[in-house]
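Since the structure comes first, as structure tokens, the remarks are kept for the end.
The values are calculated or read from the model by the stated rules, or taken from the named source; none is laboratory data. This is a predicted model, so every value here is computed, not measured. Note: ideal-geometry Cβ built from the backbone for every residue, glycine included; neighbour counts use all protein chains shown.
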Ligand code: CUA
């Protein structure tokens with residue numbers, strides 16, 4: 001067995017071939033890590049374009065993988081040529097070099113980019129096709145910084161909610177998008193492409209979810225202070241479950257189940273919450289803020305930024321500006337804790 005100084009001496013006199021072998025192994029490992037990285041990080045989840053749950057997202061992911069594969073092939077060829085050019089000791093043949101420069105620098109890129117552009121543009125008409133007549137229609141308005149969502153029931157009744165859309169799986173849905181003041185962009189990465197919401201006009205987007213689940217949507221256009229806090233959830237369910245949900249959403253709020261929530265309902269009206277918010281079934285018909293009729297049944301609070309529970313309601317009511325900078329709703333931090341708890345119980349109970 002070698003003592004430590006002898007082993008160190010031996011390490012210092014490694015044969016150049018071993019050193020090259022060692023470097024090659026390290027390069028291979030780095031390449032493996034580079035190729036495996038997308039598999040290990042970020043490809044899955046409720047907000048990933050690479051984990052599609054909709055027809056549009058599937059096409060976009062397909063295009064992405066083709067572009068990645070083409071890019072990888074071209075990159076490999078370019079690097080191989082660069083290594084070859086560096087290693088060749090003799091002068092390069094001028095004619096071959098000229099062919100390579102014109103061919104590789106102009107002809108091949110023109111053909112490849114034209115092919116990619118044609119393939120990409122070829123997908124657009126299908127992605128922008130309107131949903132067939134009779135499809136479900138959802139109107140979404142981008143507010144600062146939340147989403148006003150409106151459905152119409154088969155009976156013609158308007159149903160408004162906020163920061164959540166529900167879709168039946170396997171059916172094309174026609175979205176109508178607008179905004180009263182600034183430009184937003186409506187995007188559910190897992191389900192399809194994005195579409196701007198422009199003041200003064202209504203844009204359209206057709207989405208078709210291909211599997212059930214809860215997916216996260218975002219605002220994809222900078223729109224002010226809380227742009228990054230303007231998210232929502234898209235819940236995809238079976239068509240029967242969707243019909244039942246829409247019917248339930250059309251119902252007025254159910255009365256409070258316990259005395260604390262009942263006190264909260266009275267406080268809701270006394271403190272003026274009803275001036276901005278609607279709760280169908282009680283005397284609150286404000287239209288400035290989100291409709292809260294069934295707010296307790298939603299996935300999140302504050303447009304996708306908090307869980308939906310009594311503690312989050314209490315925090316939202318008392319620390320509104322801290323939770324969402326620039327928000328139009330004033331904080332009600334002056335209310336006694338007991339009143340805040342009662343209000344939170346009332347809102348959480350609006351299922
Ligand atoms: Cu709305 Cu960014």
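Listing for the model above:
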quantity: Verdict on residue 137 being in a strand (DSSP E or B), touching a helix residue (DSSP H, G or I) at 6+ places or on another chain (Cβ under 8 Å) and at pLDDT 95 or above; calculated: no
quantity: Segment 102-143: number of residues that are within 16 Å of the ligand (Cβ to nearest atom) and in contact with a strand residue (DSSP E or B) (Cβ under 7 Å, 6 or more places away or on another chain); calculated: 3
quantity: Matching residues in segment 219-241 - criterion: being within 10 Å of the ligand (Cβ to nearest atom), surrounded by fewer than 19 Cβ atoms within 10 Å (Cβ to Cβ) and not in a loop (DSSP other than H, G, I, E, B); calculated: 227, 228
quantity: Checklist (1) outside any loop (DSSP other than H, G, I, E, B); (2) touching a residue at least 40 places away in the same chain (Cβ under 8 Å) applied to residue 211, failing item; calculated: (1)
quantity: Residue check for residue 146: in contact (Cβ under 8 Å) with a residue 60 or more places away in the chain, within 16 Å of the ligand (Cβ to nearest atom), assigned by TED's automatic domain parsing to the domain that holds residue 240 and surrounded by 15 or more Cβ atoms within 10 Å (Cβ to Cβ); calculated: yes
quantity: Exclusive hit being surrounded by fewer than 17 Cβ atoms within 10 Å (Cβ to Cβ) and closer than 30 Å to residue 211 by Cβ, set 244, 266, 283; calculated: 244
quantity: Residue match in segment 125-132 (condition: without any contact (Cβ under 8 Å) to a residue 12 or more places away in the chain and in a helix (DSSP H, G or I)); calculated: yes
quantity: Residue within segment 179-191 that is buried (at least 21 other Cβ atoms within 10 Å of the Cβ), more than 18 Å from the chain's Cα centre (by Cα) and modelled with pLDDT under 95 present; calculated: no
quantity: Checklist (1) part of a helix (DSSP H, G or I); (2) not assigned by TED's automatic domain parsing to the domain that holds residue 55 applied to residue 104, failing item; calculated: (2)
